[in-house]
Amino acid sequence: MPTSDKKLAYKARLYDLIDNYPAVLLITADNVGSKQMQSVRANLRGRAVVLMGKNTTIRKVMNDYISDNPGHPIANLISEVKGNMGFVFTQPNLVGEVRKDILDSKVPAPA
């Protein structure tokens, strides 16, 4: 069980997102600057929520969620939590639109 106030707040937020958004996209954020992440979050505001965090904390919270809600499909994502990745929580009817917006925000890396 997470013990610090920040971890407890993160746990509550992740539980809320899992409960309220049935669709989840996985994103990798390697070589993505803070300005680009900020613009992606702004573009998705109102349609999706981007969640980044410490992988160990995410895995711990997801395992706690699974123990409270056995058989929930979020269990399939625990093995994918590695590296510089995050989640985009959205509604099922907006997945295609949100995915397109994320892919459109890609910029080529400097040479």
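The values are calculated or read from the model by the stated rules, or taken from the named source; none is laboratory data. For clarity, every value in this text was computed on a predicted model and none was experimentally measured. Methodologically, a virtual Cβ is constructed for each residue, glycine included, from the backbone with ideal geometry; neighbour enumeration extends over all protein chains shown. These area figures cover heavy atoms from the full protein model, side chains too; ligands, DNA and RNA do not enter into them. Shrake-Rupley method; radii C 1.70, N 1.55, O 1.52, S 1.80 Å.
A few remarks follow.
- With all pairs of different C-alpha atoms in the average, the Kirkwood value for the hydrodynamic radius of the range 40-100 is 12.8 Å.
- For the range 6-48, the residues whose backbone nitrogen is under 15 Å from a point 7 Å from the Cα of Leu103, taken along Cα to Cβ, are 25-28.
- Averaging 1/r across all pairs of distinct Cα atoms in the range 65-111 and inverting the result yields a Kirkwood radius of 13.5 Å.
- Seen against the Cα atoms of the chain and their longest principal axis, helix 34-44 is set at about 80 degrees.
- Mean accessible surface per residue for the chain, computed with a 1.4 Å probe while every protein chain stays in place, in Å²: 63
- Heavy-atom accessible surface of the chain: percent carbon and sulfur, 1.4 Å: 53
- In plain terms, the chain from Asn69 to Asn93 could stretch by 6.2 nm, reckoned as 0.36 nm per residue minus the Cα-Cα distance.
- Couplings 3J(HN,Hα) of the range 88-100, computed from phi: 10, 8, 8, 8, x, 6, 10, 4, x, 5, 5, 4, 4 Hz, in residue order, whole Hz [Karplus 6.51 cos²θ - 1.76 cosθ + 1.60, θ = phi - 60°; x for Gly and Pro].
- The per residue volume of the convex hull around the alpha-carbon atoms of the chain is 114 Å³.
- Acute angle (nearest 10 degrees) that the helix 55-68 long axis makes with the longest principal axis of the chain, alpha-carbon atoms: 50
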